[in-house]
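Before any comments, here is the structure.
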Amino acid sequence: MDISELVTTAQALVAPGKGILAIDESTGTIAKRFATINVESTEQARCDYRSTLLTTPNLGDHISGAILFDETLRQSTPDGRPLVEVMQEQGIIPGIKVDKGAKDLAGHPGEKVTEGLDGLRERLQEYAELGARFAKWRAVITIGEDIPSAACIEANTHALARYASLCQESGLVPIVEPEVLMDGNHDLDDCFDVTEATLRSLFAQLYEQDVILEGVVLKASMVISGSTCEERASVDEVAQATLTCLLNAVPAAVAGIVFLSGGQGDQEATEHLDAMNRLGEFAWPLSFSYGRALQQAALKAWGENRGNQEPAQQALAHRAKMNGLAAIGEYDPAAES
Ligand code: 5MM
């Protein structure tokens, strides 16, 4: 393992003013997204859509890396250019989602554990040969009555640490994503407590597995009110609570922290990131790795203009720029129009 190369890649993923595009929807998830624009999810349609996104002119100005699904790493644009090469030309680092999804955790109703460790070493080696330089694994933690259990948190963080160690062995930077879901009526304090407990467990497990934190990027969920909570925390409260939680639980050695959007509105996700970066400078850069909050407008535009890539590309370029500004605390909502 070349540690300096891992560290260089991790730092490039969180370079100032840049963040990560998450287009790693599994086949089931992308079918749901396409259903919202009345498009059937065929392999060709998925390839066309993702080619449109990745060929957006100058996308690399604000996007450091993109997380792909297995299928996408092997696909080419309609004019025959491998998507990995398109990304390299754009200065966008290719990444790959390697987990096999969140499955019911036995004996723990309402809770999930992410699977995918079997055969992972061999899959990572193949992905590295195909051009991937980082990977991602997402664990899902649900807040509800008497959950999450300690067993659920530990099973998920243990798997994240085993995955991270295997990634580094293969020369890939692991993005570790322990997502505390927004679903539910929990308040900001509940979210804070669960996020802090999850992150503390994660870093204990990473330490136990000898993972080099300088070569890790944390993909975190924000500390935010549940989606059906009546008293919603303000942008400043979310920013302050998230930052306090991260300062409590994330070692300074971690290369960077990127946020998922988790169902937040496009502009809401940008405002939260910007508010955090206005609170000061921290040991780690704070940036974005949004899926929905980067793609929503582009997906709609693509569905409405099949055969004309420009509206979708403009929508993606705009959101990437807004979030790039938020990543350095220089976002201005007036620039939205
Ligand atoms: C883009 O969505 C990703 C894939 O999800 P599934 O494995 O469930 O199909 C997901 O991992 C995503 O990278 C993160 O959850 C962040 O995306 P959002 O939309 O929450 O920003």
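For the reader, a short list of remarks on this structure follows.
- When residue 60 is tested against the conditions (1) open to solvent by less than 30 Å² (accessible area, probe 1.4 Å); (2) within 14 Å of residue 316 (Cα to Cα); (3) touching a residue at least 60 places away in the same chain (Cβ under 8 Å); (4) not acidic (Asp, Glu), the lone failure is (3).
- Verdict on residue 160 being modelled with pLDDT of 95 or more, open to solvent by less than 10 Å² (accessible area, probe 1.4 Å), of a type in the set (A, V, I, L, M, F, W, C) and within 28 Å of residue 9 (Cβ to Cβ): yes
- Residues of the stretch 200-223 classified as part of a helix (DSSP H, G or I) and either within 16 Å of the ligand (Cβ to nearest atom) or crowded, with 23+ Cβ neighbours inside 10 Å (or both), total: 3
- Residue count for the stretch 18-53 under the criterion of being within 16 Å of the chain's Cα centre (by Cα) and surrounded by fewer than 19 Cβ atoms within 10 Å (Cβ to Cβ): the result is 2.
- Subset of the stretch 102-130 [on the phi > 0 side of the Ramachandran plot and open to solvent by less than 20 Å² (accessible area, probe 1.4 Å)]: 116
- Residue check for residue 292: open to solvent by 20 Å² or more (accessible area, probe 1.4 Å), within 18 Å of residue 320 (Cβ to Cβ) and of a type in the set (D, E, K, R): yes
- Residues located in the stretch 73-90, provided they are outside any helix (DSSP H, G or I) and of a type outside the set (Val, Ile, Thr): 74, 75, 76, 78, 79, 80, 81, 82
- Test result for residue 162, of a type in the set (Lys, Arg) and touching a Leu at 6+ places or on another chain (Cβ under 6 Å): yes
- On the stretch given as the stretch 91-122, residues that are under 22 Å from residue 6 (Cβ atoms) and among the aliphatic types (A, V, I, L, M) total 6.
- Subset tally (residues that are away from the ligand (no atom under 16 Å from the Cβ), part of a helix (DSSP H, G or I) and open to solvent by 30 Å² or more (accessible area, probe 1.4 Å)) for the stretch 233-276: 7
- Scanning the stretch 84-100 for residues that are open to solvent by less than 50 Å² (accessible area, probe 1.4 Å), away from the ligand (no atom under 16 Å from the Cβ) and not small (Gly, Ala, Ser) yields a count of 4.
The values are calculated or read from the model by the stated rules, or taken from the named source; none is laboratory data. What you see is a predicted model; the values in this text were computed from it and never measured. FYI the Cβ positions are ideal-geometry reconstructions off the backbone, even for glycines, and counts take in every protein chain you see. Side chains included, ligands, DNA and RNA excluded: accessible areas come from the protein's heavy atoms. Shrake-Rupley method; radii C 1.70, N 1.55, O 1.52, S 1.80 Å.
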